[in-house]
Amino acid sequence: MSGIIHYRAAVAVALFALLAAGCKGNKSLTRANYDKIATGMTLAEVEALLGGQGEQEGGDLAVAEGSGVGGAVGVGDFQSMSQPRSKEKSYKWGSSSKWIKVTFLEGKVAPNNFKSEQGLK
């Protein structure tokens, strides 16, 4: 019986520690930092501002010519399937409820519609 109590206590402590770590969040995801993101900034500059690496969204396959249904059945050639349509890459910092997304063009913040956010204070 004592072993079960110790096991449950250990599980409770571990669960509490995970929840506490998850609630902490990224303190760099603020309206003030969002407003500082400007066209022409490098990825490294945005990462420094937002407290680390963002998660790249999509990837090259998502924007490659021929990566859709046509490409799957062989419509198009190998050259078009291996070359990306766009040189834009989007990165996201945060969680599903509080995030910042930034679009980069050739390694710098894109000039048009380059950022969006949700849940910032």
Flag for Ala64 being modelled with pLDDT under 55, of a type outside the set (D, E, K, R) and surrounded by fewer than 16 Cβ atoms within 10 Å (Cβ to Cβ) = no
Please find, within the range 97-109, the residue that is farthest from Tyr34 (Cα to Cα) out of those that are open to solvent by less than 40 Å² (accessible area, probe 1.4 Å) and touching an Asp or Glu at 6+ places or on another chain (Cβ under 6 Å).
-> Thr103
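The values are calculated or read from the model by the stated rules, or taken from the named source; none is laboratory data. Note that the structure is predicted; figures quoted are calculated from it, not measured. Positions of Cβ are generated from backbone atoms using ideal geometry, with glycine treated the same way; all protein chains shown enter the neighbour counts. Protein only, heavy atoms only, side chains kept; ligands, DNA and RNA dropped before computing areas. Shrake-Rupley method; radii C 1.70, N 1.55, O 1.52, S 1.80 Å.
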